[in-house]
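Peer 1: Okay, here's the structure, questions in a sec.
The values are calculated or read from the model by the stated rules, or taken from the named source; none is laboratory data. Fair warning: this is a prediction, and the values are worked out from it, not measured in the lab. Using ideal geometry, Cβ is built from the backbone for each residue, glycine included, and neighbour counts are taken over all protein chains shown. Accessible surface areas use protein heavy atoms only, side chains included; no ligands, DNA or RNA. Shrake-Rupley method; radii C 1.70, N 1.55, O 1.52, S 1.80 Å.
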Amino acid sequence: MSVGKRDLIRFKVLIDTKPLYNIITAQIGMKRNLEYGEELLKYLRKMKLPLASTWPVFTEALYFIYRDLKKRKDFDTKLEEIKGILKHVEELDVKFHDVLGKLTKDFDIADVALLELAEKAPVIVLTEDYKLVKKARSMGIVALTPYELLSIAIEDEENILENSSHNQAS
């Protein structure tokens, strides 16, 4: 499924654990797993794409962040920064018992919650989990990896530059 900038504008970004972790750790300056966090965050802000997630994803991401953060002397300060960041990520409601029956060995509760919500709303599922991407796409859900989303951003920037150079040459 081909997705371009115009398509993105009508979606919320339903974010999975690892992209959420990377965005948060990039924002609070933790020097671990910043693979794409800063670039992704810049693009999401530029496009004004609203971020949303579910309680299972928040729980997983915070577990991993907390595990890394609790060893730091600036724990309290960083925790307050995280709370401030997460205020900008909408929590979409998913019921525990609705997802419990759909758990499989391939999909944990966070994955199932994302799929459950994505079936009901116009969202882009943003995940690094290729099994989840494949499953979502098979269900007709727009699912992208952070790298795919950033490649759309790069194509968009290249098109803007190309169009502006054509306009200047005319």
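Peer 1: With respect to Arg6, is the statement that it is at pLDDT below 75 and either touching a Leu at 6+ places or on another chain (Cβ under 6 Å) or under 23 Å from Glu116 (Cβ atoms) (or both) true?
Peer 2: no
Peer 1: Are there helices (runs of 4 or more DSSP H) fully within the stretch 47-153 with at least 1 residues that are in contact (Cβ under 8 Å) with a residue 60 or more places away in the chain, charged (D, E, K, R) and open to solvent by 80 Å² or more (accessible area, probe 1.4 Å)? List them.
Peer 2: Output list reads 130-138.
Peer 1: From the set of residues in the stretch 98-151 that are of a type in the set (Ser, Thr, Tyr) and modelled with pLDDT of 90 or more, which is farthest from Lys46 (Cα to Cα)?
Peer 2: The selected residue is Ser138.
Peer 1: State all residues of the stretch 93-112 that are within 18 Å of the chain's Cα centre (by Cα) and over 15 Å from Thr17 (Cβ atoms); if no residue qualifies, say none.
Peer 2: Within the stretch 93-112, just Asp93 meets the criteria.
Peer 1: Separate question: As an exercise: evaluate Glu162 against (1) open to solvent by less than 80 Å² (accessible area, probe 1.4 Å); (2) modelled with pLDDT under 90; (3) not β-branched (Val, Ile, Thr) and give the number of the one condition it does not meet.
Peer 2: Among (1) open to solvent by less than 80 Å² (accessible area, probe 1.4 Å); (2) modelled with pLDDT under 90; (3) not β-branched (Val, Ile, Thr), the lone unmet condition for Glu162 is (1).
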